[in-house]
1. If you scan the stretch 284-312, which residues turn out to be away from ligand 2 (no atom under 16 Å from the Cβ), surrounded by fewer than 22 Cβ atoms within 10 Å (Cβ to Cβ) and under 20 Å from F243 (Cβ atoms)?
2. Considering only the stretch 67-90, how many residues are among the acidic types (D, E) and outside any strand (DSSP E or B)?
3. So S46 fits all but one of (1) touching a residue at least 60 places away in the same chain (Cβ under 8 Å); (2) among the polar types (S, T, N, Q); (3) within 30 Å of T9 (Cα to Cα); what number is the exception?
4. Go through (1) closer than 17 Å to G94 by Cα; (2) free of Cβ contacts under 8 Å to residues at least 24 places away in the same chain for R149 and report which single condition fails.
5. Counting only residues that are away from ligand 1 (no atom under 14 Å from the Cβ), among the hydroxyl-bearing types (S, T, Y) and modelled with pLDDT of 95 or more, give me the helices (runs of 4 or more DSSP H) lying completely in the stretch 202-321 with at least 1 of them.
6. Please work out which residue is nearest to Q196 (Cα to Cα), limiting yourself to the stretch 1-57 and to residues that are within 26 Å of the chain's Cα centre (by Cα) and β-branched (V, I, T).
7. Of the residues L111, L115, L145, L139, only one is within 16 Å of ligand 1 (Cβ to nearest atom) and not polar (S, T, N, Q); which?
8. Looking at (1) part of a loop (DSSP other than H, G, I, E, B); (2) within 16 Å of ligand 1 (Cβ to nearest atom); (3) over 14 Å from I291 (Cβ atoms), which one does Q196 not meet, given that it meets all the others?
Amino acid sequence: MIIELKRNTNKETIEDLASKHRAFHIFNEDKNFLITSASVKDLDKSLENHAENHWVFATDMQLSSKDFLNKTREIELKKGLSIGGTQKNTLLIGGPCSVESEEQIRSASQLLKDLNLSVLRGGCYKPRTSPYSFQGMGLEGLQLLSKMRDEFGHLIISEVRDATHIDEIITHTDIIQIGAKAMYDQGILRACAKTQKPVMIKRGFGTTLQEFVQAAEFILSGGNSNVILCERGIRTFETKTRFTLDLCGVAWLQEHTNLPIILDPSHAMGYAYGVPSLTKACMAMNVEGLIIETHPSPLIAKSDASQQLDYNAFRNLHKELQPLAECLGRKIK
Ligand code: PEP
Ligand code: MN
C-alpha cells in the first residue's frame, strides 16, 4: 500500500508511523509517502487521521505502477533535456561496448557530436562471461569518459559491475547503468536508491517482468525516483541470435508501469547485420531511448565485437531513424 500523508504531518509522526508499519518513507514533489508491502489491503486505524490518500495494489509493483502515477514519469537528465512525461524525446545513445583507449572514446564522442546526440556509452567494469576476457579499463576508463564530458558536453552512461565501485560510477556518470547480470545485486540497488542520479536498470536474461519491476522498486522505495528500464533481450530456446528482444514485454511495461524505457537491440541481436532493422522496430515502440554499440573498428573490439556498428552504419541508422521519429512526433536526442 502507498499512503500519501497530509501536508501538516510532522517529522516525528512520520517516523513513528513508518516504524510502526515497517514502511518506507519517501518525500517526492513536496509530498510525504509511506510504502508498505502490497499484502496490506486495509488502511490501519492509526493512519486514518494522517492519510490524504492511499492506494492498494495486487502485487509489490507499487511506485512504478500506472495505478499510482498514470503517465510515464519525467526524468531530467540535465537542464533542457528530459525524457518521459510530456517530452517526446528519444535518446539515441551511442558508443563502444568497452572504453579501450582515449583515441577510441574520443572518436565516438566526435561521432555523437557530429550527429547532435546527447549521451555517450562506454563500459569500464565489464561483467564478462569468462575471467580470461578483457575486464574493462576500470577507473582509468571512467576518467576518460569524464574527460570526454568536459570536452564535448555529452552525458555519460556506464555500467556498475558490483557494489565495490558504485561510488566511482556515481562520481563519473550522469546515468548509472545496472547490467543484466548485476540487476539482482542488492548492494548496487540500495546504493542507487541513495543518489538522485538517473539509473538505467537492464533486465536480466532470465528475469520475469514482475522481478524486473520489483528490482526497480528497490530504488524507488529507497528514495530515488529517477529509474529507467532497459529491455536488452531474454534467453529463449532460440540460439541463432544472441537473445530474444521481448517487445511484447515492452508493451506490457508501457501499459502497466510509469517508468521510461530504453531498448538495447545490440545485445539482443548479437550481430551487427540485424541491429539497424531491429533499432527501427524499437523506435516504432515509442520508447524514451535506444542504446546502440558502435566502435571505430568493430572487428578488433575487445568485447562484443560481432554486434558493434561501425561509424558509417551508425550514421546511416541515425539518418534512417529520422523519418520514423517524425512520424511518431518524437525528437532524437
Ligand atoms: C553492455 O551494455 O555492454 C552490457 C554488458 O550489457 P548487458 O548487461 O545487457 O549484458
Ligand atoms: Mn556490450
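1. Scanning the stretch 284-312 gives A284, M285.
2. Within the stretch 67-90, the first condition is being among the acidic types (D, E), and the residues that meet it are 67, 74, 76.
Cutting the leftovers down to outside any strand (DSSP E or B) gives us 67, 74.
Residues meeting the conditions: 2.
3. (1)
4. (2)
5. The helices (runs of 4 or more DSSP H) meeting that bar are 209-221, 275-283.
6. Within the stretch 1-57, the subset within 26 Å of the chain's Cα centre (by Cα) is 1-2, 23-38, 55, 57.
Now restrict to residues that are β-branched (V, I, T): 2, 26, 35-36.
On the way: I2: 21, I26: 13, I35: 19, T36: 22 Å.
The selected residue is I26.
7. Details: L111 fails: within 16 Å of ligand 1 (Cβ to nearest atom); L115 fails: within 16 Å of ligand 1 (Cβ to nearest atom); L139 fails: within 16 Å of ligand 1 (Cβ to nearest atom).
On inspection, the qualifying residue turns out to be L145.
8. That leaves (2) as the condition not met.
The values are calculated or read from the model by the stated rules, or taken from the named source; none is laboratory data. Just so we're clear, the structure is a prediction, and the values are computed from it rather than from any experiment. Glycine also receives a Cβ, built like all others from the backbone with ideal geometry; neighbour counts cover every protein chain displayed.
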